[in-house]
Amino acid sequence: MKESFYADVNNIADYIIRNYDHSCLAFNGKDSGDLRQDCEDFFYYEKLNWCGCGAPEDVKREILKYFTILEWWRDSDAHKDHSYHEKCKRYREAFGVNNVYENPLLLALAYSMDAAGFTEHGSSIGGAWLTNEGEMFLFVLRNNDELSKDVA
């Protein structure tokens, strides 16, 4: 697995403060409480601009599952036939489909993550990959014990 500079909550917070000077984290500083939660809140509430009503933890879990597949795909040898079949298997296990195109809501999630800058893609959203900010969001979601307990 590729090791990222952003696989540390302090570095992520510094990045947010440096690049998003109007964010709550930049305004409140790093001493406001749970820094990991502050970073997660930035990505969810400020970067995605999504609200907290309903079941945001369920949505974050779905984002975590999607990002985990993209991270695995990046780290796999994508030029081997078995890697693509393994990717389909991972989508089936996580979402009950072989790819993002088989479920309009999953496809909408893929579009949303791309529009927010958490992923990029070439000719097809189905081949998206995580950006640095996507890796940061994945890190803070993965380090949320409530979210990550059910996600491999």
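Read the figures in this text as sums done on the coordinates, not as results from a lab. Please read all numbers here as calculations on a predicted model, not as lab measurements. A quick note on method: Cβ atoms are made from the backbone with ideal geometry, for glycine too, and the neighbour counts reach across all protein chains shown.
Key figures
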read-out: Total lysine pairs whose alpha carbons fall under 26 Å of each other in the chain (8 or more apart, or interchain); value: 22
read-out: Most fluctuating residue given options ALA115, ALA13, ALA55, as computed from a GNM of the chain linking Cα atoms under 10 Å; value: ALA55
read-out: Computed [θ] at 222 nm, helices only, for the chain once each DSSP H run of length n ≥ 4 contributes -39500 (n - 2.57); value: -16500 deg cm²/dmol
read-out: The chain: relative contact order as a whole-number percent, Cα under 8 Å and 6+ apart; value: 26
read-out: Taking SER23, SER148 and counting other C-beta atoms within 10 Å, the order from fewest to most; value: SER148, SER23
read-out: The chain, dipole about Cα centre (Lys/Arg Cβ +1, Asp/Glu Cβ -1), debye to the nearest 20; value: 400
read-out: Residues TYR44, TYR15, TYR66, TYR101 arranged by fewest to most Cβ contacts within 10 Å; value: TYR101, TYR15, TYR44, TYR66
read-out: Order of GLU133, GLU120 - criterion: other Cβ atoms within 10 Å of each residue's Cβ, fewest first; value: GLU120, GLU133
read-out: Listed values [x] 15.5, 49; [y] 14.1, 44; [z] 24.5, 96, entry calculated as Rg and Dmax of the Cα atoms in Å; value: [x]
read-out: Length added when fully stretched, CYS24-ASN144, from 0.36 nm per residue minus Cα-Cα; value: 41.2 nm
